[in-house]
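Trainee: Let me give you the structure first, and then I'll get to my questions.
Values in this text are rule-based calculations from the coordinates and carry no lab data. On a predicted model such as this, the values are computed, not experimentally measured, just so you know. Here the Cβ positions follow ideal geometry from the backbone for every residue, glycine too, while neighbour counts run over all protein chains shown.
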Amino acid sequence: MVTEKGVIMYGTIFNLKVREGHQKQLLEEIKLENNHPKGMLAWFLMTPDDKTLDWIGVAVFESKKAHINNSNRPEQNELFNKMMQHLEEEPKWTDGEYSIGEVI
């Protein structure tokens, strides 16, 4: 998606398979992390109505470089390791450019 500045946004959509009984703890871990990395524009986490499905996350960055820089931050690695305590397996990631979208 092209922003007002002409930037094509980049990011990731990910699936989290949360361990049984760890939902509340995982949300608390994520809420404690309020350090927004440079270049991050938005992020969302969906907990599906169907509790048998994976949680779905979306992260939006101003560029691919900003996304990669975030991935390489020690703070991001620390958050990932904390999150893994509440997950059955590593998240499934789908990275790419956002072709179109809108937040109203």
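Trainee: Between the DSSP loop rule and a limit of at most 10 other Cβ atoms within 10 Å, which trypsin sites (Lys or Arg not before Pro) in segment 1-80 are left? Provide the component values of the computation, followed by the final result.
Mentor: Working: sites: Lys5, Lys17, Arg19, Lys24, Lys31, Lys38, Lys51, Lys64, Lys65; in loops: Lys5, Lys17, Arg19, Lys38, Lys51.
In loop regions of segment 1-80 (DSSP not H, G, I, E or B), the sparsely surrounded trypsin sites (Lys or Arg not before Pro) are Lys5, Lys38, Lys51.
Trainee: Let me ask something additional. Could you work out [θ]222 nm for the chain from helices alone, using -39500 (n - 2.57) per DSSP H run of at least four and dividing by all its residues? Round to the nearest 500 deg cm²/dmol. Display every interim value, and only then the final one.
Mentor: Details: 3 runs with 29 residues, N = 104.
Calculated at 222 nm, the ellipticity per residue is -8000 deg cm²/dmol.
Trainee: Need the full-extension length gain, Arg19 to Leu45, defined as separation in residues times 0.36 nm minus the C-alpha distance. One decimal, nm. Numbers along the way, then the final one.
Mentor: Values: separation 26, 0.36 × 26 = 9.36 nm, distance 1.61 nm.
Fully extending the segment from Arg19 to Leu45 adds 7.7 nm.
Trainee: Under 20 Å between alpha carbons: how many lysine pairs meet that in the chain, if sequence neighbours fewer than 8 apart on the same chain are excluded?
Mentor: For the chain, qualifying lysine pairs total 15.
Trainee: Quick one: net charge around Asn15, please, counting Lys, Arg +1 and Asp, Glu -1 for every other residue with C-beta under 12 Å from its C-beta.
Mentor: -2
Trainee: Could I ask something else about it? Under 13 Å from the Cβ of His67, count the other residues' Cβ atoms, weight Lys and Arg +1, Asp and Glu -1, and hand me the total.
Mentor: Around His67, the charge tally is +1.
Trainee: Kirkwood Rh over alpha-carbon pairs of the chain, then Stokes-Einstein at 25 °C and 0.890 mPa s: what D in µm² s⁻¹, rounded to an integer? Please list the in-between numbers first.
Mentor: Details: Rh = 14.6 Å.
Answer from the Stokes-Einstein relation: 168 µm²/s.
Trainee: Rounding to the nearest 20 debye, state how big the charge dipole of segment 10-97 is about its Cα centre with +1 on each Lys and Arg Cβ and -1 on each Asp and Glu Cβ. All intermediate terms of the calculation are to be shown ahead of the outcome.
Mentor: Details: 11 positive and 15 negative charges, 47 e Å.
It works out to roughly 220 debye.
Trainee: Hey, another quick one. Just Asn77, Asn15, Asn35 to compare: in a GNM of the chain, with alpha carbon springs under 10 Å, which one fluctuates most?
Mentor: Comparing Asn77, Asn15, Asn35 in the GNM, the peak value goes to Asn35.
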